[in-house]
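S.K.: Pasting a structure here, questions to come.
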Amino acid sequence: MEQTGHTVDLAEIDPSELSAEEIEKEGWLYKESRFWKVWRKRWCVLTKKNITFGGKTMPTSHSWLFTFDSESWQTDGKPPTEKICMGLCRTVKSIEDEVNKENAFKIDIDGTPFRFQAESYADKEQWIGGLGRAMIKKTVMLDNQMDNLPDFL
């Protein structure tokens, strides 16, 4: 699977990596674009391993988790635009004062911020909680893998 920057090329995702049972949270978030700094409404899906976002309409099913069938993702025929591996995430925190927006939060990946805005305070807290849990799970899994390496490495 080829990684470009902090995201993964969605065309190379192995559908067996995902299942509907792995969804921790999904819903609408406003995401700040990295280059134009414009806030756009996107459908976001958080799994135990990744957060995937894109699409201007809610998917009609979760078949995209298995096939990335663009028609089930959104009506304009485009698949999700980005996928971030939770193993790369370092922090998640509220940033209302930083961006002057209610219910705003960001995840930080090696110094690169990804900024989001939820539609309500409760929704923001659910996203932050879910992201935090996914980050912890990913860290624990990586620590366990490191413990199993031979001593000479």
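The values are calculated or read from the model by the stated rules, or taken from the named source; none is laboratory data. A quick note: this is a predicted structure, and the numbers were derived from the prediction, not measured. So basically every Cβ, Gly included, is an ideal-geometry build from the backbone, and we count neighbours across all protein chains shown.
S.K.: Only one of E119, E98, E125, E102 is over 22 Å from E22 (Cα atoms), in a helix (DSSP H, G or I) and modelled with pLDDT of 85 or more. Can you tell me which?
M.R.: Testing whether each residue is over 22 Å from E22 (Cα atoms), in a helix (DSSP H, G or I) and modelled with pLDDT of 85 or more leaves just E98.
S.K.: Something else: Of all residues in region 85-95 being in a loop (DSSP other than H, G, I, E, B) and touching an Asp or Glu at 6+ places or on another chain (Cβ under 8 Å), which is farthest from E22 (Cα to Cα)?
M.R.: R90
Condition check ((1) among the hydrophobic types (A, V, I, L, M, F, W, C); (2) loosely packed, with under 15 Cβ neighbours inside 10 Å; (3) in a loop (DSSP other than H, G, I, E, B); (4) at pLDDT below 80) across all residues:
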{"residue": "E24", "(1), (2), (3), (4)": "no, no, no, no"}
{"residue": "W36", "(1), (2), (3), (4)": "yes, yes, yes, no"}
{"residue": "R42", "(1), (2), (3), (4)": "no, no, no, no"}
{"residue": "V45", "(1), (2), (3), (4)": "yes, no, no, no"}
{"residue": "K56", "(1), (2), (3), (4)": "no, yes, yes, yes"}
{"residue": "P59", "(1), (2), (3), (4)": "no, no, yes, yes"}
{"residue": "L65", "(1), (2), (3), (4)": "yes, no, no, yes"}
{"residue": "T75", "(1), (2), (3), (4)": "no, yes, yes, yes"}
{"residue": "K83", "(1), (2), (3), (4)": "no, no, no, no"}
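S.K.: Next question, about the same structure. Which pairs have Cβ atoms under 6 Å, sit 6 or more apart or on different chains, and link a residue in region 122-134 that is touching a residue at least 40 places away in the same chain (Cβ under 8 Å) to one that is of a type in the set (G, A, S)?
M.R.: W127/A118
S.K.: Next question. Go through L29, L18 for me and flag whichever is touching a helix residue (DSSP H, G or I) at 6+ places or on another chain (Cβ under 8 Å) and at pLDDT below 90. Walk me through it before giving the result.
M.R.: On the way: L29 fails: at pLDDT below 90.
Only one candidate passes the filter, namely L18.
S.K.: Still on this structure, please answer the following. With the structure loaded, tell me whether G87 is farther than 16 Å from N50 by Cβ and modelled with pLDDT of 65 or more or whether it fails that test. Please lay out each step first, then the result.
M.R.: Values: farther than 16 Å from N50 by Cβ: no; modelled with pLDDT of 65 or more: yes.
So G87 does not fit the description; no.
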